[in-house]
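Colleague: Okay, here's the structure, questions in a sec.
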Amino acid sequence: MLNIVFLCPSLEPGRDGVGDYTRQLASELILQGHQVSLVALNDKALTDECMGVQTANGVSIPVLRIPAIWSSKQRFERAKKWVDTIEPDWLSLQYVPFGFHNKGLTFGLGNYLKQLGCDRKWHIMFHELWVGMEQEASFKHKIWGLLQEALVYALLTKLDPSVVHTHTQLYQLSIAKGNSNVAILPLPSNIPVYSYNNQLLHKDKKLESTISFVIFGSVHHGAPVKEFASEVSHFCKSTGLLAELVLIGKYSVEQQRWKKAWLDQALSVIDTGEQPATKVSEALSNATFGITTTPFALVDKSSVVATMKAHGLPVICVSRPWKPRNSFILKLPTGILDYQVGNLKQYLLTQHSELKSYKLVEIVTQFLHDLHNN
């Protein structure tokens, strides 16, 4: 049995993707007989310390949430007392630069964590790295990113982690010069696939009279929305099929931009607003295609894409221009369309096999395997 403490920036349920992910991981580890606790080192949702229990998948998880308004010295001293009481075998840092600092500039983080951890083994999961990774980035973001990059390497040097994980090959290659032993740990679905959907889930995603495209979660800026909607409209006119766009999630300016572009082409829009997990799962199971606005090189770090894949959906990436600045040769995900003007029709007409998705138990098995081997 392992004793693991996960260190996150925040643990506000439903409002922090990294916290939600960590709770999922922790719940499965506990179900497999391991001892797990969570610490939020910089929780912006609180003004006072909160020590208690959170739940995920029906499992209770001990948590300590430390408010961001405390000084760094006070926060890390409190965390160290908690950690020393638990005496874990492993400390797992869930790294998101902007979670630890408003500008993503994590000066001193390595020193504080080193004091907190003493001689315990370190694991780091890099959920985000630095800004300005794309060719299209502004000069400001490129300089900003260089500073964040240096801080990542300084953190790796200071903690000397035994295991390093990330979600995408781009991130894996980007941090390899700071730690050559970087492995990819896939993301699980953040919406359970409910059993009553199995019949829908495993049906062939053939084109029927109405093609249903679904978007849920965060909608990023800069996507060629008008061009995409125009191509869908032309496809419908040439085939006699209908198309609908299902929008799931809270109101946002970008979401409404999609809605307007769709309506301008006289296409149907269903705007559901926020929905419980059961309704989201049902909508995904009924859809024909999923749409993500995450750049293609980063889709493996999208929990929304992982959720669509778990529900058997072919995925179309409709995003702003985003090409990595480095010369890495990336093995990009198969079966996901990187939408460019003119390439949609063939994808819609192609019969798609189910994309590979990973169950939480598979991900935890890999996580434990990597820890046991180090």
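Colleague: Can Leu116 be described as touching a Pro at 6+ places or on another chain (Cβ under 9 Å), over 17 Å from Glu12 (Cα atoms) and outside any strand (DSSP E or B)?
Modeller: Details: touching a Pro at 6+ places or on another chain (Cβ under 9 Å): no; over 17 Å from Glu12 (Cα atoms): yes; outside any strand (DSSP E or B): yes.
In short, no.
Colleague: A follow-up question, please. What's the total number of residues in the range 258-283 that are touching a Lys or Arg at 6+ places or on another chain (Cβ under 9 Å) and hydroxyl-bearing (Ser, Thr, Tyr)?
Modeller: 1
Colleague: Still on this structure, I have one more. Go through the range 249-287 and give me each residue that's on the phi > 0 side of the Ramachandran plot and at pLDDT 95 or above. Break it down into steps so the answer makes sense when it comes.
Modeller: Going through the range 249-287, the residues on the phi > 0 side of the Ramachandran plot turn out to be 249, 266, 273.
Scanning the range 249-287 gives a single hit, Ala266.
Colleague: Before we move on, is Val163 in contact (Cβ under 8 Å) with a residue 24 or more places away in the chain and buried (at least 21 other Cβ atoms within 10 Å of the Cβ)? Walk me through it before giving the result.
Modeller: Details: in contact (Cβ under 8 Å) with a residue 24 or more places away in the chain: yes; buried (at least 21 other Cβ atoms within 10 Å of the Cβ): yes.
For Val163, the condition - in contact (Cβ under 8 Å) with a residue 24 or more places away in the chain and buried (at least 21 other Cβ atoms within 10 Å of the Cβ) - is met.
Colleague: Within the range 335-357, is there a residue that is surrounded by 14 or more Cβ atoms within 10 Å (Cβ to Cβ), under 30 Å from Met1 (Cβ atoms) and not aromatic (Phe, Trp, Tyr)?
Modeller: yes
Colleague: Could you list all residues from the range 207-228 that are out of contact with any Leu (no Cβ under 9 Å at 6 or more places or on another chain) and without any contact (Cβ under 8 Å) to a residue 60 or more places away in the chain?
Modeller: Step one: list which residues in the range 207-228 are out of contact with any Leu (no Cβ under 9 Å at 6 or more places or on another chain), which gives 217-218, 220-227.
Selection gives Lys226 alone.
Colleague: Here is a follow-up. Just to confirm my filter: which helices (runs of 4 or more DSSP H) fall fully inside the range 252-361 and include at least 1 residues that are out of contact with any helix residue (DSSP H, G or I) (no Cβ under 7 Å at 6 or more places or on another chain), among the polar types (S, T, N, Q) and free of Cβ contacts under 8 Å to residues at least 24 places away in the same chain?
Modeller: Values: elements: 253-264, 277-286, 303-310, 344-349.
Answer list for the range 252-361: 253-264, 344-349.
Colleague: Report whether or not Val246 is at pLDDT below 95, of a type in the set (Val, Ile, Thr) and either assigned by TED's automatic domain parsing to the domain that holds Asp338 or outside any helix (DSSP H, G or I) (or both).
Modeller: On the way: at pLDDT below 95: no; of a type in the set (Val, Ile, Thr): yes; either assigned by TED's automatic domain parsing to the domain that holds Asp338 or outside any helix (DSSP H, G or I) (or both): yes.
Criteria not met by Val246.
Colleague: Let me ask you something else. Which one of these is more than 18 Å from Ser189 (Cβ to Cβ) and out of contact with any strand residue (DSSP E or B) (no Cβ under 7 Å at 6 or more places or on another chain): Thr288, Thr278, Thr307, Thr293?
Modeller: Working: Thr288 fails: out of contact with any strand residue (DSSP E or B) (no Cβ under 7 Å at 6 or more places or on another chain); Thr278 fails: more than 18 Å from Ser189 (Cβ to Cβ); Thr307 fails: more than 18 Å from Ser189 (Cβ to Cβ).
After ruling out the rest, the residue left standing is Thr293.
Colleague: Could you count how many residues in the range 50-79 are of a type in the set (D, E, K, R) and over 28 Å from the mean Cα position of the chain (by Cα)? Walk me through it before giving the result.
Modeller: First, pick out the residues of the range 50-79 that are of a type in the set (D, E, K, R): 65, 73, 75, 77-78.
Pick out the ones that are also over 28 Å from the mean Cα position of the chain (by Cα) and you get 73, 77-78.
Going through the range 50-79 one residue at a time, the tally reaches 3.
Colleague: Same structure, new question: Mind checking which residues of the range 210-232 are of a type in the set (Val, Ile, Thr) and within 14 Å of Ser319 (Cα to Cα)? Steps first, answer last, please.
Modeller: Here is the first cut: in the range 210-232, the ones of a type in the set (Val, Ile, Thr) are 210-211, 214-215, 219, 225, 232.
Residues satisfying the conditions are Ile215, Val219, Val225.
Colleague: Regarding the range 249-258, can at least one residue be identified that is assigned by TED's automatic domain parsing to the domain that holds Val219, of a type outside the set (Val, Ile, Thr) and farther than 30 Å from Tyr171 by Cβ?
Modeller: Here is the first cut: in the range 249-258, the ones assigned by TED's automatic domain parsing to the domain that holds Val219 are 249-258.
Next, from what is left, pick out any that are of a type outside the set (Val, Ile, Thr): 249-252, 254-258.
Now narrow it down to the ones that are farther than 30 Å from Tyr171 by Cβ: 251, 256.
The answer is yes, given that some residue of the range 249-258 is assigned by TED's automatic domain parsing to the domain that holds Val219, of a type outside the set (Val, Ile, Thr) and farther than 30 Å from Tyr171 by Cβ.
Colleague: Within the range 20-44, how many residues are free of Cβ contacts under 8 Å to residues at least 60 places away in the same chain and under 15 Å from the mean Cα position of the chain (by Cα)?
Modeller: Within the range 20-44, residues that are free of Cβ contacts under 8 Å to residues at least 60 places away in the same chain and under 15 Å from the mean Cα position of the chain (by Cα) number 1.
Colleague: Related question: Among the residues of the range 330-337, is there at least one that is among the aliphatic types (A, V, I, L, M) and more than 18 Å from the chain's Cα centre (by Cα)? Even if it seems obvious, please write down each step before you answer.
Modeller: First pass over the range 330-337, keeping only residues among the aliphatic types (A, V, I, L, M): 330, 332, 336-337.
This time we only want the ones that are more than 18 Å from the chain's Cα centre (by Cα), so: 330, 337.
Checked the range 330-337: at least one residue is among the aliphatic types (A, V, I, L, M) and more than 18 Å from the chain's Cα centre (by Cα).
Colleague: I'd like to know if the range 249-258 contains one or more residues that are within 30 Å of Tyr194 (Cβ to Cβ), surrounded by 19 or more Cβ atoms within 10 Å (Cβ to Cβ), in contact with a Phe, Trp or Tyr (Cβ under 8 Å, 6 or more places away or on another chain) and not polar (S, T, N, Q).
Modeller: no
The values are calculated or read from the model by the stated rules, or taken from the named source; none is laboratory data. Being a predicted model, the structure only gives us computed values, none of them experimental. Positions of Cβ are backbone-derived with ideal geometry, glycine not excepted, and every protein chain shown enters the neighbour counts.
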